Each structure stands twice: as C-alpha cells, then as structure tokens.
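To keep things clear, I will list the structure first and then write my remarks on it.
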Amino acid sequence: MGRDRPQDRSRSWSEVLDGWFFALSAVIGVWFAYVLLRDGVRPGWPTLLLLVFWLFFSYLVLPRLHRILTAIYLPGYFVGRTRTSDGLLGDPVNLGFLGEEEQVHAAMAGAGWTRADELDLRSALGIVRGVLRGRSYAGAPVSPLRLFERAQDFAYEQEVAGSPTQRHHIRFWRCPDGWLLPGGARADWLAAATFDRGVGLSWFTLQFTHRIDEDTDVERDFVVSTVRAAAPAAELSVIENFSSGYHHRNGGGDRIRTDGDLPILDLRCVSASADGATRAAGDTGEPAPRRARIPELVLLGSGVALARAATYGVGALARPGADSARVLTVAFAVIAAGEIALALLVLSGRNWARLMLVAGCSVTAVTAMVVSVLGHERPVGIGQLLATGGSILVLLALSSQEARDYATGRGARSPGTRDGAPSRARAETSR
C-alpha cells in the first residue's frame, strides 16, 4: 500500500528525461539554425544553406518552440478548439454526433463523403503529385489536429470540381467514456469541419499548408445538410452559443468567424449495414481499423541514426591497419554496431533504446555547440555541419511527442475503446 510499482517509477524517470531532452533539443536547434543562417549568407555554394535553414527552422525548430510556449500559456481544459501538432489552437470544434463508429461511417459515405487516407509517406507523395500535375486526389490525407490529447480518429472529405487544392473536409474524435460537453450535453463524437480554399505559406509556422475559409459555419452547415439529405431520420439538436470565445485565427494563421453554435446529429437511426458502411470500410463490411504505423519522425530519427552508423562503419574500414589506429578502428566499429542496434530497436518500439540514442546524440550536439560558442569557430565546415546536424536531427525527431507516444505505447487505442472495440459503457449509453 502506498508504494510505487517499478513500472510507475521507471515511467516517471522516463518522463523527466524526456522533458529535459525536449527542452535541450529546442536550445540546440535554435543554435544550429543560427549557424546555418550565418554561414548561408556567403557567396557561392554556402547560399544553399539558406534553404536548409528554412526547412530545419520551420519544420523542426519552430514547432518545438511553439510546443514549449503553448504548454505554458494555453489552457489545458476543453475550450472548443483543436490543437495543431505544434500545440497552437487549431480549427474550432463545430459539430457533435451520437452513434457508433459504423453508423458514422455509413452516414458519411451515404452522404457522398470519401474517407481520407492516413498521412504517411505514400499519401504525402500522392498529394505532391496531384498538385504538380493538377490532378485531384479523392482520399488525400488531412494534417493531424489534436483533441483529447490525440490526433483525429479519422476524417472525411469531398472534392471541389477535381481541384487538388480545394476541398470540404471534417475530422472526427471519439469522446472519452463518461465525458460530457460543457453544460452537461452528451456526444459520442466531436468533429471539426472546415473548407480548404487553397494552399499557401503560413506566417505562424513558415510552412506550406492548406488555407481555410474563415466562415467555418458555412462548412459546418454543409456537412449537416448533406448528412440529413442522405439520412432524413437523423435528428438534429443545436447547442446555441456553445463557444463564442477563442475564435480569432487557427494554427496556420487563417481567420476564423463563427456564431459559436454546436449542432449535434443523432445517427443512431442509421443502419450500419448500409452500402455506405461497406464502402467506408474498404468493401469488407467491417469498420476499417486504424493502422498501426511508425510515425514519420521516428522513421526520420532512426534513418539518420542508421546513416550515421554506416558512416562510422565506412570510416572504420577505411582506416589504415597500423597498431596506433587499431584502437580507433575498433571504437568506430563498436559505435556503428551500437547505433545500428539502437536504431532498429527504436523502430520496434523500445523506449529505453530511444532514450539511449537521444542521450548519445545530446552529448555529441552539446559538445559541438560548446566548442563552437567558446571557440568562436566560423565558418563551420561541411563535414562538421553534416555530423552535428545528424545528431541534432536524431535528437529533435526522437524527443518529439509522437516518438514518445510510439515508444511508450500511448495513443495506440482511443479513449473509450478496449482492445480496439467500443467499451460496454459507451455501447450502453448509446442505445
């Protein structure tokens, strides 16, 4: 009684280490971004470093800074807004649904909506090809937004005249068991519906992203009208003035205008065995399960670690066979073998391997930063940039929230489910 289990103690130590690594990566990332910018403003090939600076700063460092700052000043309770992966307030929550997942899929598919693909390398390349060729991608993935501290369970979309840059889309989150909306109303699902009007550069994140139409009520009402047209028996109730605050701009910098009403559609009348449910489930008649996949940042961090290990291995083989060099050769070979093993274990979801790899890269990165700052070295050579940059990339990628969730098994199941199936409590309350 009262004693912590070893698993709880190890988890707390893991969380403490992750907190330190997360903050350290931000400091080192800012320093390295400065180095890239400083050395990029020189004539000749170094100007290419300016492109590297933009990619590194906007897609890795700035999101890390946003995540740290928003954890300090943004409220942690429900405010009727989603959050971006950077922690910024995202699109407003503007729809609620009652019903099981199969009924939601049946209603959306029957209303002419297409389920969006998961965001991975294959689908990301499909988006790029569609934009470059001017072709549509009916199941194009949507970027992850977070609610209840997790990304959406699934999303649906409709194309606009075959345009690769404009679309209607809506994200869905299953509500936790027993969770009630402010005021006591109940919903099984919450959703955020917005209309993508084009692609542009976000001045908040410096990343290319879809820009949404500011009148989110139009898209909200569009979803309601299409679903009710396909399922006339679906009852509609509206919570008026549900969320009048926190609506100015989303995480991409787009303006948001809404009356704050929250329509709730009751889909418990929809037959889950309808043709729409079959099409939403990939013609199997079963709801499509969420695919267990390795997050992109874990792939990035592990891939860079494997590339570094390969470099160490080549360096060990290329060294002369003199007795004085044998010690260094063995050291390089051991480092390469150890880093390969750790990277593969990280891919398999071993948290201790992730922490060890992050710790090793932290030592390398901090050493390079201290030597550079105290030694006033300028400019940094291309070899040092690659070596130091590789360590920092691994540190940033594997200290991310996505990497932590993957390694610790969090987020594998949505709240309100057990072993991939809806809990009994939810099933009973939804009858």
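Looking only at residues of the stretch 3-46 that are acidic (Asp, Glu) and either at pLDDT 80 or above or surrounded by 11 or more Cβ atoms within 10 Å (Cβ to Cβ) (or both), we find that the one that is farthest from Ser58 (Cα to Cα) is Glu15.
Do the conditions hold for Gly383, that is, is it modelled with pLDDT under 80 and closer than 29 Å to Ala33 by Cβ?
For Gly383, the condition - modelled with pLDDT under 80 and closer than 29 Å to Ala33 by Cβ - is met.
In the stretch 103-126, the qualifying residues are those that are buried (at least 18 other Cβ atoms within 10 Å of the Cβ) and of a type in the set (S, T, N, Q), and the one that is modelled with the highest pLDDT is Gln103.
Quick one: would you say Leu60 is crowded, with 17+ Cβ neighbours inside 10 Å, aliphatic (A, V, I, L, M), touching a helix residue (DSSP H, G or I) at 6+ places or on another chain (Cβ under 8 Å) and in contact (Cβ under 8 Å) with a residue 40 or more places away in the chain? Yes: the conditions hold for Leu60.
Given the criterion in the same structural domain as Leu265 (by TED's automatic domain parsing) and out of contact with any strand residue (DSSP E or B) (no Cβ under 8 Å at 6 or more places or on another chain), identify the matching residue among Ala161, Ala185, Ala191. Even if it seems obvious, please write down each step before you answer.
Values: Ala185 fails: out of contact with any strand residue (DSSP E or B) (no Cβ under 8 Å at 6 or more places or on another chain); Ala191 fails: out of contact with any strand residue (DSSP E or B) (no Cβ under 8 Å at 6 or more places or on another chain).
One residue alone meets the criteria, Ala161.
Among the residues of the stretch 127-171, which ones are aromatic (Phe, Trp, Tyr) and either within 16 Å of Thr226 (Cβ to Cβ) or modelled with pLDDT of 75 or more (or both)? Give the steps one after another, and end with the answer.
Within the stretch 127-171, the first condition is being aromatic (Phe, Trp, Tyr), and the residues that meet it are 137, 148, 154, 156.
Passing the criteria: Phe148, Phe154, Tyr156.
For the stretch 315-335, residues that are modelled with pLDDT under 70, among the hydrophobic types (A, V, I, L, M, F, W, C), under 40 Å from the mean Cα position of the chain (by Cα) and surrounded by fewer than 17 Cβ atoms within 10 Å (Cβ to Cβ) total 1.
The values are calculated or read from the model by the stated rules, or taken from the named source; none is laboratory data. Quantities reported herein were computed from a predicted structural model and do not represent experimental measurements. Cβ coordinates were reconstructed from backbone atoms using ideal geometry, including for glycine residues, and neighbour counts include every protein chain displayed.
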